[in-house]
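The values are calculated or read from the model by the stated rules, or taken from the named source; none is laboratory data. Nothing here was measured: the structure is a model prediction, and the numbers come from that model. With ideal geometry, Cβ positions are generated from the backbone for all residues, glycine too; neighbour counts draw on all protein chains shown. The protein model used for the area step is the full one, side chains on, heavy atoms only, and it has no ligands, DNA or RNA in it. Shrake-Rupley method; radii C 1.70, N 1.55, O 1.52, S 1.80 Å.
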Amino acid sequence: MTMSDVLILGGGVTGLSTAYHLARRGVRRITILEKGPVGDGSSSRAGGIITGLLWSEPGVLARRRALELFRELSDELDGYTFGAVGCLNLFDPASWPDRARLLPLYDRCGAPYEILDAAEMRRRWPALVIDDGLTGLHDPLGGYSEPHEYVPALAQRVRELGVTIREHTTVTGIATAGGRVVGVQTSDGALAADAVVATVYGWTNLLLAPLGMPLPVKSFVHQRYVSRPLATPPAIPAINANHLMGYVRPAHGGRLLAGIESADRTEWRVTGTNFRLTELQAPPGIDAVLHERFSGFVPALADAPWESAHVGLLTFSSDGEPVLGPVGALPGLFVGVAFHSGGFAYNPVSGMLLAEYVSAGRTSIDVSAFSPDRFTAAETAQYLNETVPQRDVVRRRH
Ligand SMILES: Cc1cc2nc3c(=O)[nH]c(=O)nc-3n(C[C@H](O)[C@H](O)[C@H](O)COP(=O)(O)OP(=O)(O)OC[C@H]3O[C@@H](n4cnc5c(N)ncnc54)[C@H](O)[C@@H]3O)c2cc1C
């Protein structure tokens with residue numbers, strides 16, 4: 001399908017990456033429609049932590065490719081460098097057995113890891129306070145990206161590859177005829193297309209429900225903070241500190257970035273297309289809780305108050321896995337959404353997989369388990385009718 005028109009809805013990292021891979025595959029007429037400026041959704045607010053050590057075979061295989069692609073993009077994109085510091089996933093004695101069961105999966109998929117006890121972690125990273133009993137699952141290929149570097153660099157590259165990015169253009173509906181998708185309606189008029197790829201994350205069901213095809217996805221408010229620069233920045237990896245319900249990593253200019261989950265908050269319902277993430281607020285006091293909790297873990301943080309905050313949405317599917325692929329009941333429609341707290345980490349490969357589906361009809365990694373067709377209408381309706389607190393959602397960190 002090299003000469004057809006492809007419309008990508010949403011100019012976050014998933015949409016940009018899809019455009020990048022489509023263009024690299026020779027698809028010529030590609031347009032991204034973004035209702036705000038590029039990166040207006042969660043992409044510019046992400047912590048940018050990346051690990052390859054997930055919980056399912058398609059996830060682990062996809063992330064292995066994502067980590068290769070981040071390194072390639074680090075060479076290719078002006079102004080972007082992958083933070084190759086490794087990723088340390090920490091577990092307390094109660095949570096480690098569940099993760100230990102996944103080690104054979106990592107072996108089978110060729111995802112490298114090291115298991116570290118507290119003494120070894122203290123030896124490697126003296127800037128951390130590691131309690132006895134913690135187990136570290138170290139991903140030597142993991143790391144982080146700075147969204148404020150990556151998003152504009154990828155957008156610039158996508159434009160150089162001939163993609164049109166129409167900012168401040170809201171998609172108001174997906175047009176169908178003869179049982180397939182034929183284009184979209186926008187705030188600027190109708191556009192025809194052979195393929196429409198919806199990468200609208202927290203706004204997904206505003207576009208899919210009117211087609212009678214909602215997905216069982218829910219969004220939760222999440223926030224992360226960046227400290228003032230530290231005189232002597234500690235040498236630490238990117239860390240998923242599961243025992244602290246959060247994460248911390250080095251950040252630009254000698255800063256630290258950290259975030260914690262607000263488990264008591266119920267889902268956030270996005271009720272209108274015009275909703276912007278600037279309307280969200282972090283729970284009162286969570287910045288102080290985060291600072292105190294993580295200063296005990298990374299003592300250098302005690303002298304560095306928060307300098308900036310970012311609040312956005314995390315969107316999860318009912319089974320916790322991404323939703324990616326063609327919609328069987330509506331040829332021409334593809335979705336790439338619900339990447340939980342790991343959509344930034346997935347983006348180089350989620351875009352690659354969506355581009356493969358659109359241009360070749362099949363993918364180089366078997367991600368059929370992520371298909372949007374895996375949910376029944378009844379399951380979806382039931383899930384959407386429930387109100388879910390974040391503590392009841394499958395816990396998936398990056
Ligand atoms: C505080 C925070 C920390 C995070 N930390 C990490 C992390 O460390 N690692 C990680 O991997 N992930 C992290 N995430 C998750 C990550 O940000 C998301 O999974 C990822 O950015 C999703 O990218 P996306 O492109 O799919 O969606 P988005 O970036 O949300 O993009 C969707 C876009 O669609 C646009 N849009 C919506 N409706 C329409 C419409 N009708 N017409 C036109 N445009 C429309 C929106 O404006 C938006 O720009 C974090 C998220 C938050 C909030």
Item to check | Those trypsin sites (Lys or Arg not before Pro) in segment 54-159 that DSSP places in a loop and that have at most 11 other beta carbons within 10 Å | outcome: Arg101
Checklist entry - Mind ordering 237-245, 85-93, 375-383, 290-298 by average Cβ neighbours within 10 Å, highest first? => result 237-245, 85-93, 290-298, 375-383
Checklist entry - Amide H neighbours of Leu313 under 5 Å, counting only residues 5+ apart in sequence or on other chains, H built in-plane at 1.01 Å? => result Ser42, His222
Checklist entry - So, in Å, what gap is there between the alpha-carbon centers of segment 254-281 and segment 334-398? => result 19 Å
Checklist outcome for this item: Rounded to the nearest Å, the spacing of the alpha-carbon centers of segment 139-183 and segment 1-66 is 6 Å
Checklist entry - Gaussian network model of the chain, Cα springs within a sub-10 Å range: biggest mean-square fluctuation belongs to which of Ser350, Ser56, Ser317? => result Ser56
Checklist outcome for this item: Among beta bridges assigned by DSSP with both residues in the chain, the antiparallel ones amount in percent, to the nearest 5, to 75 percent
Item to check | Backbone HN-Hα couplings from phi across segment 84-95 [Karplus 6.51/-1.76/1.60, Hz, Gly and Pro as x] | outcome: 7, 9, x, 10, 9, 9, 9, 9, 8, x, 6, 9
Next on the checklist: At R0 = 30 Å, how high is the FRET efficiency between Ser187 and Asp131 if r is their beta carbon distance? Nearest 0.05 is fine.
Outcome noted: 0.05
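What are the membrane-span-like helices in the chain by this rule: whole DSSP H runs, Cα extent along the axis at least 15 Å, mean Kyte-Doolittle hydropathy at least 0.5?
Span-like helices here: 343-360.
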Checklist entry - Using the C-alpha atoms of the chain, what convex hull volume per residue, in cubic angstrom, is computed? => result 127 Å³
Item to check | Backbone HN-Hα couplings from phi across segment 303-313 [Karplus 6.51/-1.76/1.60, Hz, Gly and Pro as x] | outcome: 8, 10, x, 5, 9, 8, 10, 10, 10, x, 10
Checklist outcome for this item: Residues meeting the amide H criterion for Ile365 (H placed from the backbone, H to H distance under 5 Å, 5 or more places apart or on another chain) are none
Checklist outcome for this item: If the label point sits 7 Å along Cα→Cβ of Ser308, residues of segment 222-238 with amide N under 13 Å come out as 224-229
Checklist outcome for this item: Over the Cα atoms of segment 1-88 the radius of gyration and the largest Cα-Cα distance (Dmax), both in Å, equal 14.7, 44
Item to check | Cut-off under 5 Å, modelled amide H: who pairs with Gly133 long-range | outcome: Ala118
Item to check | Å² per residue, accessible surface of segment 101-243 at 1.4 Å | outcome: 41 Å²
Checklist entry - Add -39500 (n - 2.57) for each DSSP H run of 4 or more in the chain, then divide by its residues: what number comes out at 222 nm, to the nearest 500 deg cm²/dmol? => result -8000 deg cm²/dmol
